[in-house]
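Read the structure below first, then the notes.
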């Protein structure tokens, strides 16, 4: 599948929800109970078959028509001129282009409700296959989780809007410890996933926010935390002479153990400082959300899925945890959206264009002061649209949100506001003309719940207008039996919790690794990611530092290339050009070798799961120096990895069967090499290369084959045929 600057090409207009020749139905007055008369003329982008279109230029809309639009409400103002009035016209929000959107309003005005509508319309557009993005909702007040259930309370109102109540299969992430304390049937029905943050993702500054209110550790404590993190990442020797190897991932108990047994720390820091740090770390551990192998951006930002991150069970600690998680999410999404591997798209495919929706934004990206998320959100607002990603900030205090973030907004939807500072902030940042009537404090502060003013930058010098947001088709709010269960789980779960691996794709869970396997897996860098010089120049300093630290921690190289970034600069969602590779291997001479499975060494493991066996062998095949040099000696390759697991065959016979199947596809054995207790069979056919190895655990045998080549179609075909050899 080709990558796109914004999202997947929308369906042709003939396949969209509105027929081109059928005028859209206007909403009746009974559905729009507030309809003030506004004297200023209203001139908006109107599609007769869809309604008022927000977030698009006229030329962009002519290209995509109704594809990728979502109805968020209807025009609820009347005009002196009946002929030009747009009252009752549905309002459609564009989801094809990336946007930075601000939703504002005082408590109870309906701002969070509006966020729910945006999430619903994103999901509906993805269901219609008009866009392919990911949606992530940062929920600080537990109001989005019930979107999995239909809105049965407003069936009559939904009927007036031509809609039906329904639920959505949103993925809901809750703190790991709370998740573990809930009954299995509750987890399944509510589509709950365990949320965890790996301690390795936190800097010393981040830990300051976790351990101390306001984020300010004393100088001694700050230095101590820095030394602990450095010791774990580089390794250290305990007082008893025992060597602790460097850790790519670690837990809070690992941090505590380092404080208690690392000689330099014991020598440099007073017992009182060490004790205070240990007490704070234990308190953080009891939150039940910091755990090795934590939830990553790949788990949360999944193409075609809306993910709700609900940390309400953490109580007063929710904002700090969300800030750290949002920091990680923003930076990882941007890193992978702007980086790519040699084939031009793999890194970008790991994370799709993402709509990040943040409620209570003033707590995460404040105008004054700092949080772990502030710089990351500002960076996302500045750079996200350039790489196909959108940001929706929601706040009850627009005057309290960072100017750097709000200034990027191209669409603003403001509900009722009361405070002068907030009204002034709205007037200053509105990306369209604000009529005198809207500037009146009494008018803005008296807007009914669910009514708002929309300002759209794409309308250029045209004015803002009044909208009544539509009713939600799914439930809104978190006051239910499950909320009580959350609280009970938070109070009753013991400090140490072991989770079984969830069956739901994307859920994060710890794995119990066989120590022998861990020791046998070397840290060999993956093929490098590349950043264009153009991309590097536009990145802020914090982003450069993050990418350097991120790839260093992942033991993965990156390179600055003279090539331009593989993306389109205009607003249209166009596919990238296919890269043209030159086959240099085809000219090489070699003599195919015969193979006898009995000469292939079988690496035998103790009792482990099939998944762990596959992972251990796959990493060996990809990153062992023997295979790595053979498979990735060329600059341009597509890659597929296939695992064949069987219990009905001897290991050497399965190797022969796999090699025989590859022979039928013209892929011949080049050589067999042994290294670090494994045998590697290396094969090739012109520009296509493959490497395989075999391992066994009890009666279970696993052969992993990595195939690389210039042709994506050929590599995929080989992988598909090999997958037919798994358990019969």
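The values are calculated or read from the model by the stated rules, or taken from the named source; none is laboratory data. Bear in mind the structure is a predicted one, so any value in this text is a computation, not a measurement. All Cβ positions, even for glycine, are placed from backbone atoms using ideal geometry, and neighbour counts span all protein chains on display.
The number of residues in segment 250-265 being out of contact with any helix residue (DSSP H, G or I) (no Cβ under 9 Å at 6 or more places or on another chain) and over 16 Å from residue 233 (Cβ atoms) comes to 2.
Here residue 246 clears all of (1) within 24 Å of residue 549 (Cβ to Cβ); (2) part of a helix (DSSP H, G or I) except the condition numbered (2). Which residue is nearest to the chain's Cα centre (by Cα), if the candidates are limited to segment 626-675 and must be part of a helix (DSSP H, G or I) and free of Cβ contacts under 8 Å to residues at least 24 places away in the same chain? The residue in question is 629. When the helices (runs of 4 or more DSSP H) confined to segment 255-357 are screened for residues that are within 22 Å of residue 213 (Cα to Cα), those reaching at least 2 such residues are found at 271-286, 318-338. Among the listed residues 381, 405, identify the single one that is touching a helix residue (DSSP H, G or I) at 6+ places or on another chain (Cβ under 6 Å), outside any loop (DSSP other than H, G, I, E, B) and under 14 Å from residue 360 (Cα atoms). From the options 381, 405, the qualifying one is 405.
Within segment 230-243, being part of a loop (DSSP other than H, G, I, E, B) and within 22 Å of residue 279 (Cβ to Cβ) holds for 238, 239.
A quick yes/no check of all residues on (1) surrounded by fewer than 19 Cβ atoms within 10 Å (Cβ to Cβ); (2) at pLDDT 90 or above; (3) closer than 23 Å to residue 611 by Cβ; (4) out of contact with any helix residue (DSSP H, G or I) (no Cβ under 8 Å at 6 or more places or on another chain):
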| residue | (1), (2), (3), (4) |
| --- | --- |
| 655 | no, yes, yes, no |
| 665 | yes, yes, no, no |
| 676 | yes, no, yes, no |
| 686 | yes, no, no, no |
| 691 | no, yes, yes, no |
| 710 | no, no, no, yes |
| 720 | yes, no, yes, yes |
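Quick check on this structure: which one of 63, 17 is outside the structural domain of residue 638 (by TED's automatic domain parsing) and at pLDDT 85 or above? Only one candidate passes the filter, namely 63. Can you tell me how many residues in segment 693-718 are within 32 Å of the chain's Cα centre (by Cα) and assigned to a strand (DSSP E or B)? The qualifying residues number 8. Scan segment 46-86 for residues that are in a helix (DSSP H, G or I) and either free of Cβ contacts under 8 Å to residues at least 12 places away in the same chain or within 16 Å of residue 130 (Cβ to Cβ) (or both) and jot them down. Residues satisfying the conditions are 59, 60, 61, 62, 63, 64, 82, 83.
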